[in-house]
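The values are calculated or read from the model by the stated rules, or taken from the named source; none is laboratory data. Here the structure is a predicted model, which means the values were calculated and not measured. Please note: Cβ atoms are built from the backbone with ideal geometry, for glycine as well, and neighbour counts cover all protein chains shown. Side chains included, ligands, DNA and RNA excluded: accessible areas come from the protein's heavy atoms. Shrake-Rupley method; radii C 1.70, N 1.55, O 1.52, S 1.80 Å.
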Amino acid sequence: MLKALTSSCLQNRFHAVTTAFTPQVRRGTDSNTPLLRVLGSLRSSNRRGPYLSRRFFCSDSTDGSESNSEAAASEAKPAEEGGDADSKASAAIVPTVFKPEDCLTVLALPLPHRPLFPGFYMHIYVKDPKVLAALLESRKRQAPYAGAFLMKDEQGTDPNVVSASDTEKNIYELKGKDMLNRLHEVGTLAQITSIKDDQVILIGHRRIRMTEVVSEEPLTVKVDHLKEQPYNKDDDVIKATSFEVLSTLRDVLKTSSLWKDHVQTYIQHIGDFNYARLADFGAAISGANKLQCQQVLEELDVHKRLQLTLELVKKEMEISKIQESIARAIEEKISGEQRRYLLNEQLKAIKKELGLETDDKTALSAKFRERLEPNKEKIPAHVMQVIEEELTKLQLLEASSSEFNVTRNYLDWLTALPWGNYSDENFDVLRAEQILDEDHYGLTDVKERILEFIAVGKLRGTSQGKIICLSGPPGVGKTSIGRSIARALNRKFYRFSVGGLSDVAEIKGHRRTYIGAMPGKMVQCLKSVGTANPLVLIDEIDKLGRGHAGDPASAMLELLDPEQNANFLDHYLDVPIDLSKVLFVCTANVVEMIPNPLLDRMEVISIAGYITDEKMHIARDYLEKATRETCGIKPEQVEVTNSALLALIENYCREAGVRNLQKQIEKIYRKIALKLVREYGEIEPQNTEVDEVKAESIHLSDEIKSKEEIQTGAESANGSNDDEASENNAEAEAQGAVNQMQTSANEDTCLQDTQETEKATESEASKTVNKVVVDSPNLADYVGKPVFHAERIYDQTPVGVVMGLAWTSMGGSTLYIETSLVEQGEGKGALNVTGQLGDVMKESAQIAHTVARTILQEKEPDNQFFANSKLHLHVPAGATPKDGPSAGCTMITSLLSLAMKKPVKKDLAMTGEVTLTGKILPIGGVKEKAIAARRSDVKTIIFPSANRRDFDELAPNVKEGLDVHFVDDYQQIFDLAF
């Protein structure tokens, strides 16, 4: 410090300060101690940028005329204790003669952020080595002073926007005149109290103004010392202004404790605290920008300076008020939930101290709340209310009571459900098409419907749940289609079968009051998949039972109705659940078995059976590949020819689906696996010969030949290799492979690369077992004698025999209707029917007998065959029950053929329901019947006219080679048949 705080100096101390800031002001007797503290903090401060600065309050800074250098030196000396020798040398304040007013030429130091006010400390970082050397030199020449000038902002930049790093970068690059142009003219004469590395500590003394440049590098300028303009300290206006400044500062200090320490330090160490100093103090501690502070520094009129400072501290007061209001607003924002949380935590602590609460209950509640936390915003309000009520109840119940377990289980289910948690759907139609084609062959109409669903979802941005019912015979892939749809849509998949389900509680859940109560299948599904928009496959919906516990089919109505299932109510949960985003896929064999109200809510897509061509593709591309992998057989070890597959399909697997075909292929591959293992067992002893040539093989080293040998071996090795036939023999096989490698090495090869070694050994080992070929002649060795013989019993149908087309749950089939004459005699006309026919078919036979008599009467009036003949009508395969209306026209044709003694045209099959007047009514199962006709090599088919649309929709490969006639009156069939 530059001035000793003597009693003479203290006489003029400004009493307003003492009253405004602190009731008791320490005198200058122990002024060394706080100064030591300030300087100590300077040394330990962290470095920042090239000219980063920080403000501190210094001791009294007078105008210099009253300076006591010895006192300053004595105060500065302790400040330097504890540093190294260099810092002591550089930091010592010069004693005696040199005074601040003697400094007319000074180094110009730029201040980037704020001006330095007289009476304040500031430390800066000097990166320029020339400037640093000049500062050290001035210390040695006993002139420890420099000029600190605030930097102007660059032209065209907003001083409030420019970042600190930009400012520092600019200072670092500026030199000479560029630097001079960027400095404000008025600055502060600063004493250099300490230089350590590149850190310089300055104490502001008095105002100076630059007049001219002495040297550009480092920038040295001539300065004039500025003094305040004379003023009357008894002037009432100045007094009033100063009191207002003090009053405002006091108010600021009440609201903000930020400056309290600074104020106390300043008051303790200031010497003559007059009006000018008060103005400087107010400006220095305010948060004003640097230009406003520079304005205060440049102002020499004390009254104006006080007014400027008053503006700044008033603004500081306003900022404090805003800060206060922000703090208050944030406090008010603390929600009731947080307050409740704090109170609950306190309540828990109190209960724990009193022993009123066990840890188990707390842990349970914490677990349930933790589950809810991720989806808390998505849970509906009514559900959240129920959960909160149950959690409160759980805390009040005794852990040993039965009600406690009921509540715990109920909360367990409620919190485990994925409320509002949806999986991201994939609306990529091309990807979906690729996935569906990968998993299934054919089924164009089903795939088209799924792609339509995805396309609608893409255009809407969201997909609403639908109910699709896939109907068709067993084994056509209904269940696996559901799995593929889920994969294509990127939805979670859940399947549950309702075949034979007779309890409504399986769908709607039990009441919570029952022992062992559980929610229904849908709630279990949502918990299992973890999303609220899965794909749910309801299997065998046509086989729903009906027992004493209600009608499940009726309970399914709420589940599957798109209008109702947005608020599906499970009996166990007793809160509505939104199932509107779930995609339901149902499967059924016979749509007629599904109750009408339930069927009305579904979109039925019928899947007919596969024709022989489609079965060939499925067997080759899907079933054979999967079975081969399951049995651990390599593709090069076995070959199943097309003729063998065709014979398998025609003679063993005539059903509409491919499940039986898969079983037969598995049967073939199991026998092949056994054959391979048996043959491998026979050739195993041959491996002992390898040991004799092992030594010779090591000496051979032709690498190129070895690679050629590997390639030729791999190409020729189309025989079987059983390395993967049995996992239990893995080690033995590996040893055999090594031995086989040595055999190939003996034949002019040296196998240095281990991967090439394995290839060669596999190829050599595979030479020893013949490739297994399955062809139509040896097919019976694998799958036994053919199950089906040709459905065509007759190559040329005799009189009274006609081929009909039937639909069965296994697909379509052809059947013959035979009529035979039992006896003849006048008035003996009668009809006997056999073949396990149902009521509808028996009635069809009666109608056919009547219509046939009418037609024969028209065609041959003299022919009394029906009046005098006892007839027997039979449908072969008597062990198989048959029923349905579509055999009417076939029966009429059979009766007329016998009556007229004319056989029907070769390769003709027909189907259709007939009325008493001879009209042909439409039938069902067109595709299945067309496939059955193709299987029996029938070329000409008769369908009712009303079924033309159904036939036109069939795939071209089904219609190919068929001559189809559409009729609406029996007369047309008569013309075609005879």
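For the stretch 886-965, the share of alpha carbon pairs falling in successive 5 Å distance bins from zero is 3, 14, 25, 25, 18, 10, 4, 1 percent. Between residue 452 and residue 859, the modelled label-to-label distance comes to 4.4 nm, taking each label 7 Å out from Cα in the direction of the beta carbon.
Projected onto planes of every orientation and averaged, the convex hull of the alpha-carbon atoms in the stretch 414-572 covers 10.2 nm². Taking 1.567 mPa s as the viscosity and 4 °C as the temperature, the Stokes-Einstein diffusion coefficient of the stretch 563-667 based on its alpha-carbon Kirkwood radius rounds to 73 µm²/s. A straight line joining the Cα centroids of the stretch 962-978 and the stretch 110-129 runs 112 Å. Subtracting the Cα-Cα distance of residue 574 and residue 141 from 0.36 nm times their residue separation leaves 146.5 nm of extension gain. Placing a label point 7 Å from the Cα of residue 503 along the Cα-to-Cβ direction, the residues of the stretch 536-573 whose backbone N falls under 15 Å of that point are 545-552, 571-572.
When the convex hull of the C-alpha atoms of the stretch 573-627 is computed, what volume per residue in Å³ does it have?
On the way: hull volume 10.2 nm³, N = 55.
Hull volume normalised by residue count: 186 Å³.
The residue 483 and residue 429 beta-carbon pair, evaluated with R₀ = 30 Å, returns a calculated FRET efficiency of approximately 0.95. Counting charges near residue 590 (Lys, Arg +1; Asp, Glu -1) among other residues having Cβ under 11 Å from its Cβ returns a value of -2.
Quantify, in whole percent, the carbon and sulfur part of the accessible surface of the stretch 397-534 (1.4 Å probe; protein heavy atoms only). Don't skip to the answer; put the middle values down first.
Working: 2990 of 6170 Å².
Percent of accessible area from carbon and sulfur atoms in the stretch 397-534: 48.
Distance between the pseudo-spin-label points of residue 319 and residue 543 (7 Å out from Cα toward the beta carbon): 8.1 nm. Compared with the direct C-alpha span, the chain from residue 460 to residue 677 gains 72.3 nm at full extension, assuming 0.36 nm per residue.
Pairs of Cα atoms in the stretch 378-478 fall into 10 Å distance bins, from 0 up to the last occupied one, in shares of 12, 27, 19, 16, 17, 9, 0 percent.
With q set to 0.15, 0.20 Å⁻¹, the log10 of I(q)/I(0) for the stretch 386-432, from the Debye formula over equal scatterers at the Cα positions, is -0.51, -0.70.
The peptide list 426-437, 372-383, 551-562, 883-894, put in order of mean Cβ contacts within 10 Å with the highest first, becomes 883-894, 551-562, 426-437, 372-383. The count of lysine pairs in the stretch 559-675 with alpha-carbon distances below 15 Å, taking only pairs 8 or more places apart or on different chains, stands at 9.
Just in the stretch 550-629: which trypsin sites (Lys or Arg not before Pro) are loop by DSSP and have at most 11 other Cβ atoms within 10 Å? Nothing satisfies the criteria.
Taking 0.36 nm per residue of separation and subtracting the current Cα-Cα distance, fully stretching the chain between residue 563 and residue 229 would add 111.3 nm.
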